[in-house]
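Heads up: the structure comes next, in C-alpha cells.
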Amino acid sequence: MADHIKQRPIYRNIHVTQIVAYRLPPAGIVSILHRVSGALMFVLLPFVVWLFDVSLSSEISYERFTNAFVAGIGWVPAWFVKLVVLALIWSYLHHAIAGVRHLWMDVTHSVGMQQAHLSALATLAISGVLTVLLGAKLFGLF
C-alpha cells in the first residue's frame, strides 16, 4: 500500500540557474512586492515631499506643479514624471492593500494555504486594477 502514496516534493534552496523556472506562489509574490513597494516609497520620498511643497506654497508654485505633468521638469519629460507618479501610486496601493491583508490574517488567524492563496490573488488583483484605473486618469485617458 505504501507504494501508491504520492511523495510530496521536497523544496530546498534553489540554484541561480533555476530561478527562471521556479514558480513562486502568489503569497510569495505579494510578500516580495510588499518589500519592493515599501522601498520604492522610501526612495521616492524626497520627490513626494517636493511635489507636496510645490503644490501648496503658492498659486504660482501650484501652476508649476501642474505644469510638470504637461511640460515636464527641466530636462525630464512629462511622460517620465507621470511614470514616476504612477510607480508611487502602485507602491502606495499595493503596500496598503498587502498591509491590510496581513492585518486581516493576523486578526482572523487565517493562515491556511487556501486563505493565503486567495487573499494574495485578491491583493494582486485589487492593487492592479486600481493602479490601471488611476494610471488611466493620470495619463488623461478619461
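No lab work stands behind these numbers, since they all come straight from the coordinates. None of these values were measured; they are calculated from a predicted model. Cβ: placed from backbone, ideal geometry, glycine included. Neighbour counts: every protein chain shown.
For the chain, the longest piece that avoids every one of the trypsin sites (Lys or Arg not before Pro) found in DSSP loops with at most 13 other C-beta atoms within 10 Å covers 24-142. Net charge in the neighbourhood of residue 66 (other residues with Cβ under 13 Å of its Cβ; Lys, Arg +1, Asp, Glu -1) is 0. Taken along the Cα-to-beta-carbon direction at a fixed 7 Å, the label points for residue 53 and residue 39 span 2.7 nm.
Within the chain, helices built from complete DSSP H runs that reach 24 Å or longer along their own axis (Cα positions) and carry a mean Kyte-Doolittle hydropathy of 0.5 or higher are 26-43, 78-108, 113-138. Per-residue ellipticity at 222 nm, computed for the chain from helices alone with -39500 (n - 2.57) per DSSP H run of at least four residues, works out to -23500 deg cm²/dmol.
Counting 0.36 nm for each residue step from residue 141 to residue 117 and taking away their Cα separation leaves a gain of 5.3 nm. Springs between alpha-carbon pairs under 10 angstrom, Gaussian network model over the chain: which of 41, 113, 105 fluctuates most? For the chain, modelled as a Gaussian network with Cα springs under 10 Å, the answer is 113.
Legend: calculated FRET efficiency, residue 15 to residue 70, from the Cβ-Cβ distance at R0 = 41 Å, rounded to 0.05, equals 0.25.
Computed from Cα atoms alone, the Kirkwood hydrodynamic radius reported for the range 26-138 is 15.6 Å. Over the range 22-142, what is the relative contact order in whole percent, taking alpha-carbon pairs under 8 Å and six or more residues apart? Dividing the mean separation by the residue count of the range 22-142 yields 32 percent.
Net charge of the neighbourhood of residue 95, taken over other residues with C-beta under 11 Å away and scored Lys/Arg +1, Asp/Glu -1, is +2.
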